[in-house]
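> Dropping the structure in here first, questions after.
The values are calculated or read from the model by the stated rules, or taken from the named source; none is laboratory data. This is a predicted model, so every value here is computed, not measured. Neighbour counts run over all protein chains shown; Cβ positions are idealised from the backbone, glycine included.
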Amino acid sequence: MGGSGSGTWYRWSKKTVVEDGLTLDLFKLVREKAIIPGKHVRGSLTWWNNRTDEERASISYEADLIDPYAAWVRLHYHRDGTPEDYKVRMAVTYPHYGGMRWWFVCPANGSRVAKLHLPPGGNLFASRAAYRLGYNSQQESPMFRYLSQAQDIRRRLGGSTCIDEWFPKKPKGMHWKTYEKLQAKCELYEQRCNSMAAQRFGGMF
């Protein structure tokens, strides 16, 4: 059975980014009822390649969240032919506005986190800090970071990511105030991107 002592998290390259691997998002798992507070459940999780729609990876899991002070999630999968089978402890906090908030307890450093990550070559799902993972956006120049932010908004609205095309129409059900705020942000990012591109490429933009 795997454990924090058998991981390779402490030797990880700082150049590895979150997007290179797999992520367990606790809030998303609870929202989609893959994990249910107060219940004992089991199932499987699958990651897909957004570009090719091909399966990237899949794991099996079991989650016991009946007792908030003894809760856990068990993960089992194969990594390069080697079976991994271990439990990740859960923790709860009580926000001042009421209710209960669940957290993973990182098996590498014991921190409370909402997401656990498994980068290529890793064997344990652990926190971003434990693996010292960055994000793609942190590796980009400011010009491409603004471009990525503008494209993310266009993609969210269901339109083309090409900033030379018309801004996407308001999706059905979205409030106009939200739509206009996103449009203003996108235009600002595009202006900054174009301005930096003009400086970089000698006024071609």
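> Among the residues of segment 93-129, what is the count of those that are assigned to a loop (DSSP other than H, G, I, E, B) and out of contact with any helix residue (DSSP H, G or I) (no Cβ under 8 Å at 6 or more places or on another chain)?
11
> Continuing with the same structure: Hey, could you check segment 170-193 for residues that are under 25 Å from the mean Cα position of the chain (by Cα) and not in a helix (DSSP H, G or I) and say which is farthest from Arg156 (Cα to Cα)?
Selected residue: Met174.
> Between a residue in segment 154-166 that is free of Cβ contacts under 8 Å to residues at least 40 places away in the same chain and under 16 Å from Trp176 (Cα atoms) and any residue that is hydroxyl-bearing (Ser, Thr, Tyr) and assigned to a helix (DSSP H, G or I), which pairs come within a Cβ distance under 8 Å, given they are 6 or more apart or on different chains?
Leu157/Tyr179
Conditions tested, residue by residue: (1) of a type outside the set (A, V, I, L, M); (2) under 21 Å from the mean Cα position of the chain (by Cα); (3) in the same structural domain as Leu118 (by TED's automatic domain parsing).
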{"site": "His40", "(1), (2), (3)": "yes, no, yes"}
{"site": "Ala63", "(1), (2), (3)": "no, yes, yes"}
{"site": "Tyr69", "(1), (2), (3)": "yes, no, yes"}
{"site": "Pro83", "(1), (2), (3)": "yes, no, yes"}
{"site": "Arg89", "(1), (2), (3)": "yes, yes, yes"}
{"site": "His96", "(1), (2), (3)": "yes, no, yes"}
{"site": "Met100", "(1), (2), (3)": "no, no, yes"}
